[in-house]
Amino acid sequence: MTFLYDGSFPGLFCAASEAHGIVRSESDKSLKFRSTGAVAFRAGAALAAQTTELSFDDEFLVKTDVQKARNLWKRCAEQGSIKALDTCYEAFCSDFDTIDNSVGRILCRILEETSKPFALDNLGDEDELKVVKASGRTLNQAEKLCGLLRFSELKDGILYATISPDCNILQFLAPHFEARLPRFDFVIHDRKRAKAILHEAGTPARIVEGLNFIAAGITNEVDTGKVDTEIDTIKSPQAAYSSQELELRQYWQRYFSAIAIQARKDPALQANRMPKKYWADLPELS
C-alpha cells in the first residue's frame with residue numbers, strides 16, 4: 001500500500017497520519033510513501049480540491065495540510081516524543097534512498113504510541129536503524145559546513161556564501177550563523193536546491209526557496225516545506241564581489257600557498273580531512 005505525498009515533511013506527516021488510521025504498526029512493513037514531487041506540490045487549487053482516495057493500484061493521494069501537520073507534531077511532542085520527531089526530520093533531510101519509507105513508518109509508530117514517549121532505541125529494526133543513520137549523516141554534514149563555509153562580501157555589503165551539500169541542511173545551519181553574525185546581513189545559498197538562508201541584521205533568519213542569484217534576478221513565491229515556516233519572496237542581491245573582497249581573496253590565496261610545505265604535501269590526506277566536494281566553495285582551493 002503506497003501513500004503519495006507532495007515531497008514536503010508536512011506532506012509526509014499527513015500521509016503517515018492517514019496510513020496510521022488504516023494499518024497498525026505490527027503490519028506497517030507493507031506501507032510505502034512516495035513523493036509526487038514539486039509538480040503536485042505546486043498544483044494549487046487542483047490538488048487542494050482532491051480528497052484522499054484509493055486507486056486501483058492501492059495508492060492513496062494525500063492532500064497536504066500544514067496546520068494538521070503542526071498539530072500532529074505538537075501532540076506527539078507533548079507526549080514526550082520530540083527527540084524521535086527531530087530525528088525523523090533530520091533523516092528526512094538526508095540523501096538516503098527511499099528514506100521517506102522508513103521515516104513515514106516511524107511517524108506511524110510515534111502516532112500510535114500514546115502511553116509513553118516513543119524512542120528510536122531498537123536498532124535491530126531496519127527502519128529505526130536507517131532513520132538514525134540518515135539523521136547522523138545530515139547532522140554530520142551540517143557540522144562540517146559550520147566550519148568550512150566561507151562568506152564573501154558583495155558590492156552592496158551583504159555577506160554571501162554558496163554551498164552544494166548532499167543533504168538538505170540549511171535549516172540546521174541557520175541558528176549557528178544567526179547567533180554568530182547577528183549584526184550582519186548575510187545569505188547562505190544552496191545551489192543544488194535553489195534555496196537560501198536570508199538574514200537581515202536585527203531580524204530572525206528565514207529560509208527561501210526557488211532562489212538563483214543573478215545580476216538583477218528575483219525569486220518566485222516559494223514554501224520551505226517545514227512545519228513552522230511561511231511562504232516568502234525576496235529580491236536577490238547583486239551577485240558580484242566588492243573590490244575589498246577580491247583583494248582579500250588574493251591575499252588569502254597567497255598566504256595559503258606561502259605556508260604550505262611542499263615536501264609534506266599529501267593530497268590524499270587533505271582530501272580525507274576536507275573532502276573534494278567542498279573545494280569549489282573554498283577561495284584557497286578555487
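The table for this structure:
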{"item": "Sites A77 and I261, calculated FRET efficiency, Cβ-Cβ separation with R0 45 Å, nearest 0.05", "result": "0.30"}
{"item": "Long pairs among K74/K192; K68/K130; K63/K130; K32/K68, criterion Cα-Cα beyond 28 Å", "result": "K74/K192"}
{"item": "Distance in nm between pseudo-label sites at S164 and Q250 (7 Å out along the Cβ direction from Cα)", "result": "2.7 nm"}
{"item": "Most to least packed among 105-112, 241-248 [average Cβ atoms within 10 Å]", "result": "105-112, 241-248"}
{"item": "Heavy-atom accessible area per residue - segment 73-163, 1.4 Å, Å²", "result": "45 Å²"}
{"item": "Cβ crowding within 10 Å averaged over residues, with 7-16, 265-274, 127-136 ranked highest first", "result": "7-16, 127-136, 265-274"}
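The values are calculated or read from the model by the stated rules, or taken from the named source; none is laboratory data. Just so we're clear, the structure is a prediction, and the values are computed from it rather than from any experiment. All Cβ positions, glycine included, derive from the backbone under ideal geometry; neighbour counts span all protein chains shown. Just the protein is used for accessible areas: all its heavy atoms, side chains included, with ligands, DNA and RNA removed. Shrake-Rupley method; radii C 1.70, N 1.55, O 1.52, S 1.80 Å.
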